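**Q** Just dropping this structure here.
What follows draws every value from the coordinates through simple rules; no lab data is involved. Predicted model only: the values in this text are computed from it and were never measured. Positions of Cβ are generated from backbone atoms using ideal geometry, with glycine treated the same way; all protein chains shown enter the neighbour counts.
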Amino acid sequence: MASLDEARELLREFPVVDGHNDLPWALREQVRYDLDARDIATSQAAHLHTDIPRLREGGVGAQYWSVYVRSDLPDAVPATLEQIDCVRQLLARYPRDLRPAFTAADMEAARDEGRIASLMGAEGGHSIANSLATLRALYALGVRYMTLTHNDNIAWADSATDEPGVGGLSAFGRAVVREMNREGMLVDLSHVAATTMGDALDATMAPVIFSHSSSRAVCNHPRNIPDDVLERLPGNGGMAMVTFVPKFVLQAAVDWTAAADENMRAHGFHHLATTPGAMKVHRAYEEQNPRPVATVSTVADHLDHMREVTGIDHLGIGGDYDGTAFTPDGLNDVSGYPNLIAELLDRGWSRSDLAKLTWQNAVRVLGAAEDVARDLQTTRGPSNATIESLDG
Amino acid sequence: MADLQDELRTATEVDALDALAGPFADEPYEPVSDPDAEPLERAHVILAAHPVADGYSGLPWALRHLPWFDLELGESAVDTDVPRMREGHVGALFWSLHLPEGLDGDPAVGATLEQLDLVKTVVRAHPEGLRLALTAGQATDVHNCGRVAVLLGPAGAAALGDSLGILRSLHALGLRVLTLSGVSWASEAGLTRFGEEVLREMNRLGVLADLSGASADTVRRAFAVSKAPVLFTRSAARALRPHPANLPDDLLAELGAAKGLCMVPLTAEQTGPSVRDVADHLDHLRAVAGPECVGLSGTYDAGTAHPQDLADASCYPHLIAELLRRDWAESGIALLTWGNVQRVLRGADFTARAAQQRREPSTAKIAELDG
């Protein structure tokens with residue numbers, strides 16, 4: 001208990017920067033952006049992982065709101081603009097708690113004011129529809145990182161959860177990375193294939209992030225980061241933000257999910273189907289085979305290992321709240337971060353280590369991306385390279 | 001309460017206050033030119049004080065297809081560049097984001113983002129000549145800094161992808177004018193319920209409605225619904241020249257009553273082949289709609305032929321000289337070139353501020369309203 005108090009005390013000074021939260025998508029899906037129907041100034045525990053009281057309780061000082069849109073629909077750009085509008089509306093509605101943030105200095109200012117710095121991240125290159133001009137428009141609207149892919153390959157980058165396509169990044173994909181460097185938008189390598197991670201690390205001139213990924217050595221799932229990639233982060237200056245999603249972090253949950261998906265397919269359903277019939281099959285399976293439960297300790301195991309491989313200066317947190325149906329015990333919603341910090345204190349992490357994990361690394365990385373952009377803009381104009389001209 | 005009432009002014013004092021000029025009384029216009037000088041010379045003097053705020057330029061699409069261009073040194077591939085805008089006393093220019101016909105749905109949203117990006121890139125590449133302006137005050141500031149103010153719009157209604165969230169995102173990117181035509185909610189049949197909601201949201205944000213090319217039903221509905229002045233970025237008088245985008249006299253009279261702004265295009269197709277034809281349209285509009293409701297719209301680089309002597313952005317003094325010959329007062333010319341656009345931009349801004357006090361961002365969906 002003592003360590004939990006100490007964790008809360010520490011988070012008051014060095015609050016959590018969380019790399020990925022899917023609240024905008026949850027609001028879109030649940031209430032079509034009717035923000036009156038989900039007033040996050042009051043508890044929304046019945047519907048969401050996220051609301052302002054729980055963000056405060058969890059010691060969150062900065063949040064990258066994901067402006068994710070599905071990659072299997074044709075209208076990604078318009079939908080992304082709607083997601084961005086949703087975040088901007090949240091900022092306009094709750095100005096005492098949420099502060100728009102576009103720079104590292106904005107994050108520090110928000111902390112000084114006691115508000116939650118609100119940044120945006122796009123999840124998947126499909127959101128720019130092969131257009132560098134659209135990439136710049138997203139930057140102008142406040143988007144500060146873009147995950148290169150979501151679950152599916154795109155024309156210029158391979159996803160971790162798809163078959164090999166272009167084998168990492170195509171020439172246009174490298175041009176996208178360079179343009180992101182020039183704008184000051186962080187390159188996010190969660191969700192991408194290991195080949196893409198390598199190509200992006202070769203191409204980038206600024207630090208990269210993994211907005212929500214854990215360690216593949218601890219739990220073998222393609223969404224996690226292999227050790228050889230983690231080893232490259234010190235040279236790059238970037239960071240890996242550990243995620244909590246049980247089916248990525250706990251081997252038993254990975255295996256259970258694979259078996260459950262197989263069971264769905266055996267009954268003739270898509271593994272993500274949510275029709276009543278599919279749900280019935282799924283519930284029956286779950287009754288026979290209890291779902292394995294991840295805990296705070298599971299996530300701490302990842303952090304311990306990642307710290308060994310990449311060092312304390314390259315770690316962060318990206319919970320993926322409201323982007324996952326299940327969460328670990330003790331990290332059930334956005335109020336749970338102090339439990340993780342307490343666990344790490346018990347494991348002997350020092351206060352200065354934890355300050356880097358929660359706050360300092362993420363602020364440093366965004367600031368470094370700004371510096372690189374400022375440099376590049378003195379020598380390079382905006383690129384209008386097209387995928388046709390580069391990838392043929 | 002009693003002692004508060006003691007401080008009320010007596011009736012005579014109130015009358016005395018009424019006699020004073022109100023805070024919003026028009027300042028008397030002070031002429032800047034010598035009335036005995038040559039018209040062309042006077043035109044330059046007047047335009048130096050009251051530059052042209054030009055309502056429509058096709059530059060973004062025209063530049064998109066040039067491999068290289070330099071607007072600051074002069075660019076012969078287009079009709080508009082910084083030297084010629086200085087010569088023509090252009091102080092502000094609306095850069096159209098319209099897309100070629102046949103682009104709608106998803107490509108239109110993305111293509112509009114690309115157009116917006118292109119304008120910003122061009123403006124950034126010409127810092128000595130161009131500067132972006134988002135409000136009337138900024139346009140004046142930019143002019144006072146010796147640059148041409150670039151305003152973003154009009155964009156086509158298809159750019160919204162039928163979503164108010166996208167409208168708000170485009171406004172955040174700087175869009176200030178939207179043309180209400182060519183979509184299901186603003187068609188020949190007029191504005192649908194969703195169309196009216198779009199217009200209300202535009203009022204709330206401060207995006208001006210451009211009704212050039214809109215159907216008469218849409219125009220009338222927009223007059224009724226819009227709390228801010230509306231624009232016609234490219235319309236002349238149909239009484240003088242039958243073109244579908246030109247306005248019949250009854251609509252012009254309604255426009256005058258609604259204190260909107262009709263910007264006359266300098267195109268042979270809509271106004272006629274000579275400077276005198278353009279001046280005829282301006283005379284007619286001034287008589288029917290009123291001097292506060294007339295503006296200019298060069299429509300350069302939009303792929304249309306221009307009247308003789310009005311071939312490019314440097315030619316405005318010829319037109320103003322013609323108006324001076326027709327005994328237009330300096331004050332009327334000042335309104336025509338700069339004042340009316342300022343008024344409309346300010347009107348949109350005021351409306352937006354007031355509306356934002358009363359209205360939350362609209363969450364209306366086209367499927368709910370238009371079914």
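**Q** Starting from the 7 Å offset along Cα-to-Cβ, what nm value, one decimal, do you get for the label separation of A:D5 and A:A45?
**A** 2.3
**Q** Given axes a ≥ b ≥ c from the Cα gyration tensor, I'd like to know whether region A:251-392 is rounded (a/c under 1.5), prolate (a/b larger than b/c) or oblate.
**A** Working: a/c = 3.00, a/b = 1.30, b/c = 2.31.
In terms of gyration-tensor shape, oblate.
**Q** Express in whole angstrom the spacing between the alpha-carbon centres of region B:173-215 and region B:312-371.
**A** Each part's Cα centre sits 15 Å from the other's.
**Q** Can you list the residues, at least 5 places off or on another chain, whose amide H is less than 5 Å from the amide H of A:V60, using H built in the peptide plane?
**A** Under 5 Å from the amide H of A:V60 lie the amide H atoms of A:V16, each far enough along the sequence or on another chain.
**Q** At most 14 other C-beta atoms within 10 Å and a DSSP loop state: those are the exposed chymotrypsin sites (Phe, Trp or Tyr not before Pro) I care about. Give me the longest piece of chain B that has none. If you can, show how the numbers build up before the last one.
**A** Values: sites that count: B:F24, B:Y29, B:W68.
Formally, the longest exposed-site-free interval is B:69-371.
**Q** Still on this structure: For region B:55-370, what is Rg from Cα atoms divided by 2.2 N^0.38 Å, rounded to two decimals? The partial results should precede the final answer.
**A** On the way: Rg = 18.3 Å, N = 316, 2.2 N^0.38 = 19.6 Å.
After normalising by residue count via 2.2 N^0.38 Å, the value is 0.93.
**Q** Taking the Cα centre of each part, how many Å lie between region A:207-245 and region A:65-80?
**A** After rounding, the separation between the Cα centres reads 24 Å.
**Q** A further question follows. 7 Å from Cα along Cα→Cβ at both B:R358 and A:D329: what's the point-to-point distance in nm?
**A** Spacing of the two 7 Å Cα→Cβ label points: 5.7 nm.
**Q** Excluding residues on the same chain fewer than 8 positions from B:K227, give the aspartates and glutamates whose Cα lies under 13 Å from its Cα.
**A** Answer for B:K227, where 13 Å is the Cα cut-off: B:E196, B:E197, B:E201, B:D349, listed by chain and number.
**Q** Please list the non-local residues whose amide H lies under 5 Å from the amide H of A:A122, H modeled 1.01 Å from N, same-chain partners needing a gap of 5 or more.
**A** Hits under the 5 Å cutoff: A:V67, A:R144, A:Y145, A:M146, A:T147.
**Q** Oh, and also: Before anything else, pin down the relative contact order of region B:254-296: Cα pairs under 8 Å, at least 6 apart, normalised by residue count, whole percent.
**A** Values: 46 pairs, mean separation 23.0, N = 43.
So the answer I get is 53 percent.
**Q** Mind checking the dipole of the protein assembly as shown: about its Cα centre, +1 per Lys or Arg Cβ, -1 per Asp or Glu Cβ, Debye to the nearest 20?
**A** On the way: 65 positive and 107 negative charges, 103 e Å.
Result for the protein assembly as shown is approximately 500 debye, rounded to the nearest 20.
**Q** For region B:26-103, what are the per-bin percents of Cα-Cα distances with bins 10 Å wide, up to the bin holding the maximum?
**A** In whole percents, the pair-distance histogram is 16, 36, 26, 15, 6, 0.
**Q** Under a cut-off of 13 Å between alpha-carbon atoms, report the aspartates and glutamates in cross-link reach of B:K259, not counting same-chain residues fewer than 8 places apart.
**A** Counting by Cα, and skipping residues close in sequence, B:K259 has these aspartates and glutamates nearby: B:E292.
**Q** Let me check I've understood the local charge: for A:G114, count other residues with C-beta under 13 angstrom from its C-beta, Lys and Arg +1, Asp and Glu -1. What total comes out? Working shown, then result.
**A** Working: positive: A:R12, A:R56, A:R96, A:R99, A:R111, A:R115; negative: A:E13, A:D97, A:E108, A:D112, A:E113.
Overall, the nearby charge balance is +1.
**Q** Let me ask another. Within the set of other residues whose C-beta is less than 11 Å from the C-beta of A:N151, count the net charge using Lys and Arg as +1 and Asp and Glu as -1.
**A** Values: positive: A:R70, A:R223; negative: A:D72, A:E123, A:D152, A:D162.
Within the 11 Å Cβ shell, the charges total -2.
**Q** Using square roots of five times the C-alpha gyration tensor eigenvalues, list the equivalent-ellipsoid semi-axes of the protein assembly as shown in whole Å, biggest first. Let's see the in-between values first.
**A** Working: eigenvalues 598, 165, 126 Å².
Three semi-axes, in Å: 55, 29, 25.
**Q** Compute, for region B:55-370, the length of the dipole vector about the Cα centre, with Cβ point charges of +1 (Lys, Arg) and -1 (Asp, Glu) only. Units Debye, rounded to 20.
**A** 980
**Q** Report, by chain and number, residues whose modeled amide H sits under 5 Å from the one on B:L130, excluding near sequence neighbours (fewer than 5 apart, same chain).
**A** The list, which skips near neighbours in sequence, is B:V148.
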